[in-house]
1. When you look at Arg323, is it part of a loop (DSSP other than H, G, I, E, B), charged (D, E, K, R) and modelled with pLDDT of 95 or more, yes or no?
2. Among the residues of segment 19-32, is any within 16 Å of the ligand (Cβ to nearest atom) and either surrounded by 13 or more Cβ atoms within 10 Å (Cβ to Cβ) or under 24 Å from Ala479 (Cβ atoms) (or both)?
3. Name every residue in segment 457-472 that is assigned to a helix (DSSP H, G or I) and surrounded by fewer than 24 Cβ atoms within 10 Å (Cβ to Cβ), in order of residue number.
4. Which one is nearest to the chain's Cα centre (by Cα) among residues in segment 287-309 that are part of a loop (DSSP other than H, G, I, E, B) and within 12 Å of the ligand (Cβ to nearest atom)?
5. Quick one: which helices (runs of 4 or more DSSP H) lie wholly within segment 14-127 and hold at least 1 residues that are more than 27 Å from the chain's Cα centre (by Cα), closer than 30 Å to Glu505 by Cβ and in the same structural domain as Arg474 (by TED's automatic domain parsing)?
6. Consider segment 116-144. How many of its residues are of a type in the set (Asp, Glu) and free of Cβ contacts under 8 Å to residues at least 24 places away in the same chain?
7. Suppose we filter Ser330, Ser344, Ser312, Ser356 for residues that are small (Gly, Ala, Ser), closer than 19 Å to Thr285 by Cβ and more than 16 Å from the ligand (Cβ to nearest atom); which single one remains?
Amino acid sequence: MKNTTDFSKYANLSPFELKDNLIKLAQSRADRVMLNAGRGNPNFLATFPRQAFFQLGVFAIQESEMSYSYLNEGVGGFPIKAGLTGRFEHFIRQNYQTPGVAFLGKAFSYIRDQLGLDENKFLQEMVEGILGCNYPVPDRMLTLSEEVVKSYVLEQMGAQYLHRDELDLFAVEGGTAAMAYIFNSMKENGLIEKGDKIAIGAPIFTPYLEIPSLNDYQLVEVLINSDPNLNWQYPESELRKLEDPSIKAFFLVNPSNPPSVKIDNKSLKIIADIVKKRPDLIILTDDVYGTFADNFQSLFAICPKNTILVYSFSKYFGATGWRLGVIALSHDNVIDKTIRALPSKTRKILDKRYSSIVTDPENLKFIDRLVADSRAVALNHTAGLSTPQQVQMVLFALCEMMDADQSYKATLKTIIRRRAASLYQHLGLKHKTDENNVDYYTLIDLEHICRELYDDKFAKWILKNKNPSEMLFRIADEAGVVLLPGKGFAVQHPSARASLANLNEYQYAAIGLSMRKLAQEYYDEYKTKSK
Ligand SMILES: *Cc1c(COP(=O)(O)O)cnc(C)c1O
């Protein structure tokens, strides 16, 4: 049956409007389910740290009920410090067979034996934290929670050589909140001004192309384009653009989204060299996918003085609904130096801005300015991530660190890579991959498919005669599969982005088959027309 839908009406839609229309089309038939491979939300999640969370909650409630128990009216008190550890150890022994309880016991030992932290204070922080009975104090992050998560972040970001005492964390409501906070505080603190240049590693997550050009910031974007022919690494000539002293900051996602490739060692070296020449360059890196990569090294590990690191627990732990992320910044960093060197007029204004918080606002660190700005400064005393959220974050971090044979990581990698293999097998192509690939997403390049399945002439004909969003709409219409256009992510070739994290293997097979069928149809059309 020939498809007669008119696709031209979709030509000028924004990426998000396009997505909404694709979903509508894919849902339009009652006789099939929609496959939405456009979303980044994973369909797997970590169960052990969640079991531990709920069991810790059971224990914490028992502790709370020790107070006011004579009233027996659903009123409890704050946990009692005296004897807390003993009662906890008893709880662990009594309930050892209950899923999550053994984990808690092991975590308690890991805190003491491996991380060298005070296990009694830690327990108190966790029990009070999970009850959510106090404002988060310190507001930036609970003290021992910060130490645990620092260890996790340093390990996962390939920065083990740094010591926990050399950096600070700010616990936030996910990576995207982190970005909103950072842009706002950079503006408030004169680090970026209207008309300044900001370099953006492309292709990139669509909203990150939109933030800098908002009326709030009015920054000029300079794209640093990665090259599909280099398996999405940045060519040296692109990276060298960063040597331009008028570029204030380099904003990137690593491993990237959508190509899902980590920056290779050669490019890391080039960036380190650029930073030597440009010690003032601010690097803002979103490394949410770093935990999925093999032997990952963040730019935070390479250039710790220049880099603001954003990490999110959303993807790796399947925890988008929890809203968990951190911002990391070294004590010795260029941002604080730049603020101290601002013109005295600007510094006076800033001192006034932060004078309600500290007596010496000129020494207030950028990371603490982020905390204050996140609550319009005046409400600084209620800033911070909710304490139960911090407890779950700590349990996620501990789960990964205590997993000595990396079994969770290995399982996730297997799930994702099998899906990629299934998609490409059914498409009839070889899946190109190397050690830098993460495969959380895959970019299906239209021209590449046509060339590999047929020939170069046909690939050129496709580029000339077919609108790439037509491919997306036909796939949505005919197969009920939603893919996002690569173009919205500043991909330069016509392509579609599929997430490999949110459908099951057989569904990726269906996507592959459907695209192959479409290519076949296009080829038949091409043959008829070129007769
Ligand atoms: C999914 C994703 C995130 C996660 O954001 P949260 O707010 O933590 O859920 C962050 N950055 C990128 C590039 C992503 O793709």
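1. On the way: part of a loop (DSSP other than H, G, I, E, B): yes; charged (D, E, K, R): yes; modelled with pLDDT of 95 or more: yes.
So Arg323 fits the description; yes.
2. Residues of segment 19-32 that are within 16 Å of the ligand (Cβ to nearest atom), as a first pass: 19.
Next, only the ones that are either surrounded by 13 or more Cβ atoms within 10 Å (Cβ to Cβ) or under 24 Å from Ala479 (Cβ atoms) (or both) stay: 19.
The answer is yes, given that some residue of segment 19-32 is within 16 Å of the ligand (Cβ to nearest atom) and either surrounded by 13 or more Cβ atoms within 10 Å (Cβ to Cβ) or under 24 Å from Ala479 (Cβ atoms) (or both).
3. Residues of segment 457-472 assigned to a helix (DSSP H, G or I): 457-465, 468-472.
Passing the criteria: Lys457, Phe458, Ala459, Lys460, Trp461, Ile462, Leu463, Lys464, Asn465, Pro468, Ser469, Glu470.
4. Val288
5. On the way: elements: 15-27, 48-64, 84-94, 101-113.
The qualifying helices (runs of 4 or more DSSP H) are 15-27.
6. Going residue by residue through segment 116-144, those that are of a type in the set (Asp, Glu) are 118-119, 125, 128, 139.
The next check asks that each one be free of Cβ contacts under 8 Å to residues at least 24 places away in the same chain; those that pass are 125.
The number of residues fulfilling the criteria is 1.
7. Details: Ser344 fails: closer than 19 Å to Thr285 by Cβ; Ser312 fails: more than 16 Å from the ligand (Cβ to nearest atom); Ser356 fails: closer than 19 Å to Thr285 by Cβ.
Among Ser330, Ser344, Ser312, Ser356, only Ser330 is small (Gly, Ala, Ser), closer than 19 Å to Thr285 by Cβ and more than 16 Å from the ligand (Cβ to nearest atom).
Yes/no per residue for (1) among the β-branched types (Val, Ile, Thr); (2) out of contact with any strand residue (DSSP E or B) (no Cβ under 6 Å at 6 or more places or on another chain); (3) farther than 23 Å from Trp322 by Cβ; (4) modelled with pLDDT of 95 or more:
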residue: Asp368; (1), (2), (3), (4): no, yes, yes, yes
residue: Arg375; (1), (2), (3), (4): no, yes, no, no
residue: Gln389; (1), (2), (3), (4): no, yes, no, yes
residue: Met401; (1), (2), (3), (4): no, yes, no, yes
residue: Leu429; (1), (2), (3), (4): no, yes, yes, no
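The values are calculated or read from the model by the stated rules, or taken from the named source; none is laboratory data. Quantities reported herein were computed from a predicted structural model and do not represent experimental measurements. Counting neighbours? That spans all protein chains shown, and the Cβs are built from the backbone with ideal geometry, glycine included.
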